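Below you'll find the structure, written out as structure tokens, and then a few comments.
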Amino acid sequence: MEKREFEGFNKDEYVPIMKDESMSFLSKLCAENKPKRILEIGTYIGYSASVMLSSCEALVVTLEKVKENAELARKNLEPFKDRVKVVECDAGEYIEREDIGKFDLIFLDGPKGQYINYLPYLKRMLNKNGLLVADNVYFHGLVKNGGFVKHKLRTLVVNLRKFLEAISCDDDFDTTVYDFGDGLSVSRKKV
Ligand SMILES: C[S@@+](CC[C@H](N)C(=O)[O-])C[C@H]1O[C@@H](n2cnc3c(N)ncnc32)[C@H](O)[C@@H]1O
């Protein structure tokens with residue numbers, strides 16, 4: 001289904017949906033790696049979940065904090081209802097509290113400042129050879145540039161830098177960070 005056909009998609013407003021180039025890449029990753037179970041953090045209205053569901057046969061668990069988004073996503077993902085579970089929750093509390101098993105691919109696209117805090121939980125939830133994919137890791141260039149960052153974005157940018165350093169220095173991961181879109185990291189868990 002096209003993005004603009006999604007309920008809740010307004011082409012005239014900014015919508016926090018992954019950029020097309022990153023979305024094609026994610027779709028290819030799913031098609032090539034054939035994950036059986038995928039966890040997504042940050043559903044919004046379900047577009048990236050639909051791309052992943054269309055690209056492989058995985059079961060997808062996707063977490064979304066905002067009730068209206070979760071409801072729209074359930075409607076938009078109706079064609080995949082046997083393979084997808086949209087959970088309305090705070091992702092951090094949920095992954096800390098719930099035992100939802102292991103995953104072959106985790107797509108991180110929720111609160112950017114929290115990636116570093118989620119990382120230890122997500123690492124434990126990944127199967128061997130599983131992929132951790134994180135979007136917006138360069139956050140409009142602010143993470144990479146090292147220039148002036150407005151006060152209200154400073155913690156987010158610092159935390160994204162910590163996240164990039166953690167995944168790049170962890171010997172259990174093989175990490176590549178791609179420049180396209182808003183910066184996309186892909187870390188394969190070796191153990
Ligand atoms: C960038 S959007 C996700 C876009 C979606 N992955 C796509 O490309 O179609 C981020 C989403 O994360 C949600 N979110 C923000 N903080 C969250 C949290 N703590 N727990 C769960 N979801 C959260 C937001 O409400 C928003 O819908």
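Readers should treat all values here as calculations from the given coordinates under stated rules, not as data from a laboratory. It should be emphasised that the depicted structure is a prediction, and the values quoted were computed from it without experimental measurement. Here the Cβ is made from the backbone with ideal geometry for all residues, glycine too, and neighbour counts use every protein chain on show.
Structure notes:
- The residues of the stretch 64-73 that are crowded, with 19+ Cβ neighbours inside 10 Å and more than 22 Å from Leu122 (Cα to Cα), listed by number, are Asn69, Leu72, Ala73.
- Of all residues in the stretch 49-79, those satisfying the criterion of being within 9 Å of the ligand (Cβ to nearest atom) and farther than 14 Å from Gly8 by Cα are Ala49, Ser50, Val51, Thr62, Leu63, Glu64, Lys65.
- The number of residues in the stretch 80-101 that are over 30 Å from Val158 (Cβ atoms) and either touching a Leu at 6+ places or on another chain (Cβ under 7 Å) or without any contact (Cβ under 8 Å) to a residue 12 or more places away in the chain (or both) comes to 7.
- Residue check, Val61 in a strand (DSSP E or B) and either touching a Leu at 6+ places or on another chain (Cβ under 9 Å) or surrounded by fewer than 22 Cβ atoms within 10 Å (Cβ to Cβ) (or both): yes
- Subset of the stretch 132-167 (residues that are without any contact (Cβ under 8 Å) to a residue 12 or more places away in the chain, of a type outside the set (D, E, K, R) and farther than 20 Å from Ile17 by Cα): Asn145, Gly146, Gly147, Phe148, Val149, His151, Val158
- Note on the stretch 93-117: residues that are within 9 Å of the ligand (Cβ to nearest atom), in a helix (DSSP H, G or I) and under 23 Å from Pro35 (Cα atoms) amount to 1.
- Within the stretch 1-38, if we keep just the residues that are over 15 Å from the mean Cα position of the chain (by Cα) and among the acidic types (Asp, Glu), the residue that is farthest from Leu72 (Cα to Cα) turns out to be Glu32.
- Candidate set: the stretch 18-48, residues that are among the acidic types (Asp, Glu) and within 12 Å of the ligand (Cβ to nearest atom); chosen: the one nearest to Val84 (Cα to Cα): Glu40
- Whenever a residue of the stretch 114-131 is of a type in the set (A, V, I, L, M), its partners that are assigned to a helix (DSSP H, G or I), lying with C-beta atoms within less than 6 angstrom and at least six residues away or across chains, give the pairs Ile116/Asn159; Ile116/Lys162; Ile116/Phe163; Leu119/Ala166.
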